1. Condition first: in contact with a helix residue (DSSP H, G or I) (Cβ under 9 Å, 6 or more places away or on another chain), open to solvent by less than 40 Å² (accessible area, probe 1.4 Å) and not acidic (D, E). Now tell me which residues in segment 57-87 satisfy that.
2. Working only within segment 162-188, note down all residues that are within 11 Å of the ligand (Cβ to nearest atom) and exposed (fewer than 14 other Cβ atoms within 10 Å of the Cβ).
3. Please state which one of N299, N270 is of a type in the set (S, T, N, Q) and open to solvent by 30 Å² or more (accessible area, probe 1.4 Å).
4. Hey, could you check segment 88-119 for residues that are basic (K, R) and part of a helix (DSSP H, G or I) and say which is least open to solvent (accessible area, probe 1.4 Å)?
5. Restricting to segment 8-52, and then to whatever is among the β-branched types (V, I, T) and touching a strand residue (DSSP E or B) at 6+ places or on another chain (Cβ under 7 Å), can you tell me which residue is nearest to Q105 (Cα to Cα)?
6. Output the residue which, of all residues in segment 127-148 that are touching a Gly at 6+ places or on another chain (Cβ under 9 Å) and either in a loop (DSSP other than H, G, I, E, B) or open to solvent by 50 Å² or more (accessible area, probe 1.4 Å) (or both), is farthest from K232 (Cα to Cα).
7. Which of the residues belonging to segment 10-25 are open to solvent by 10 Å² or more (accessible area, probe 1.4 Å) and assigned to a helix (DSSP H, G or I)?
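The values are calculated or read from the model by the stated rules, or taken from the named source; none is laboratory data. These numbers were taken from a predicted model, which means no experiment stands behind them. Counting neighbours? That spans all protein chains shown, and the Cβs are built from the backbone with ideal geometry, glycine included. With ligands, DNA and RNA removed, areas are computed over all heavy atoms of the protein, side chains included. Shrake-Rupley method; radii C 1.70, N 1.55, O 1.52, S 1.80 Å.
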Amino acid sequence: DFLIVGGGLAGHILQIQLQEKGCSSIVIDYSKSNASSVVAAGLVNPVAGKFFTLTWRAEEIFESLATFYSDVENRLNSSFFTPKTLTRIFATPGEQNIWLSKAHQDKYKSYCSFKNIEIKGLKSNYGVLEIAKGGELDVSLFLGSCKASYSNRNEKFDFEKLNVKSKSYDDIKYKNIVFCEGYEVLYNPYFNHLPFVPTKGELLEIETSLPQSNTVYLGPVFMQPRGGKLWKVGATYAPNIVDKLPTKEKKDDLIKRLNKIIDVPYNIVNQTAGIRPATEDRRPLIGRHSSNENMYVFNGFGSKGVSLIPLLAKEFIDFVLNNAPLHPEVNINRF
Ligand SMILES: Cc1cc2nc3c(=O)[nH]c(=O)nc-3n(C[C@H](O)[C@H](O)[C@H](O)COP(=O)(O)OP(=O)(O)OC[C@H]3O[C@@H](n4cnc5c(N)ncnc54)[C@H](O)[C@@H]3O)c2cc1C
C-alpha cells in the first residue's frame, strides 16, 4: 500500500503505525552516518529552552508517548525507551529568576518541580528544576529493531526509476508514496520548494567520574549518561549547513558551556555531527503533493523527532486513509 522513502525515525514510526492499520509498506533507506536519527541523543524533554517553553501540543503528545514506545517494545521484543525525570540545572541566578517568574503558571504543574539541592560534581548552587514526563529513546537500537522486523530495502532512492503515472518504482507497485528523507528532502524535486532549514548539530562524548544516575542533566548543555564514565554532551545549532564534519568552533562552544555546570575533570573522547530537518516556522511539513495526489511528505521534525513523530504519524495516516484534516500548523498548504 505504501512506499516510504527514508528510514529514520519518521519513516519507521510511520511504517509501524501503518501496520497497525492493516496497511502494507516498504521502506527504502540508505543508511548514512550523519542522518539526524543516527546522531540524535534521543531525548524527550517537555520543557526546554531559556524561557522554559512547554512543547507544542504537550498534553496530547505526552499523554500517549511512553505507551506508544512500550507497545512497540513489546511487539518487537526489545527495550529502547526509558521514561525519565530530567534535571535542569540553573547555571545563574538570572535563570532561576526566569523560572520563578513563571513557576505559578498552571501549565507547568504536572511537569516541573523546583528543588533547592546541590549535585556533587556539578555547579548547582542555584537549585534545580525536576522535569517529569521526559524520556530517552535509544535511537540506534530502535531503528535496528525496526529494520530487522519490517520490510525494507537498503538502497538510495533514485528519482529516475520513479514512474508517478503507473505508481511504480523499480519493481515495486505502490498506492501511496511518502517521502521521509530528513534534510535530504533538499534533493527531492517534488518537495524541495518547501521552507526546510537543515540545521547542523554537534555533540561531544566525554569521560568523567561524575556519578551516573537515571536522569539527564540539562542546562547550558545537556549531559546524558551513556554507561561507565561516558557522557554525551550537546548540542549546537547551525542553520543552513549540511556538511557532516565536526568543527573546532563548535567543540570550543560546547566546552565553554559545559564548563559552566561541570565541577570535575573530564576528557573529550569523540565529537559527532548530524543534520536536523528543521523548518522556517519550526513546525513539521506534512501533506499531499499539489498535483500528484498519492504522493506525500512527512518531514520537518527538527530537534523533536522522538516526541513529535508518534502523534503526527497517527494524524497523517488518518489524513491519508480517512481524509481527516491535518493540523493546520503542520499542513504544507500553509505555504
Ligand atoms: C546532534 C543532534 C541531536 C539530536 N537530539 C535529539 C534529541 O535528543 N531528541 C529528539 O527528539 N531529536 C533529536 N534530534 C533530532 C532528530 O534526530 C530528528 O528530529 C529525527 O531524527 C528526524 O527523523 P527523520 O526520519 O525525519 O530524518 P532522518 O533521521 O534524517 O532520516 C532520514 C533518512 O532518510 C534517508 N534518505 C534520505 N534520502 C534518501 C534517498 N534518496 N534514498 C534512500 N534513503 C534516503 C537517510 O539516509 C536517513 O536514513 C537531534 C538531531 C541532531 C543532529
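1. Within segment 57-87, R57, A58, I61, F62, L65, F68, Y69, V72, L76, S78, F80, F81 qualify.
2. The one that is within 11 Å of the ligand (Cβ to nearest atom) and exposed (fewer than 14 other Cβ atoms within 10 Å of the Cβ): Y187.
3. Result of the check over N299, N270: N270.
4. K102
5. The residue in question is V47.
6. K147
7. A10, Q17, Q19, E20 - these are the residues of segment 10-25 that are open to solvent by 10 Å² or more (accessible area, probe 1.4 Å) and assigned to a helix (DSSP H, G or I).
Okay, residues lined up against (1) closer than 21 Å to L137 by Cα; (2) in contact with a helix residue (DSSP H, G or I) (Cβ under 9 Å, 6 or more places away or on another chain); (3) in contact (Cβ under 8 Å) with a residue 60 or more places away in the chain:
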| position | (1), (2), (3) |
| --- | --- |
| I262 | no, no, yes |
| P265 | no, no, no |
| E293 | no, no, no |
| Y296 | no, yes, yes |
| G305 | yes, yes, yes |
| P310 | yes, yes, yes |
| P325 | no, yes, no |
| N333 | no, no, no |
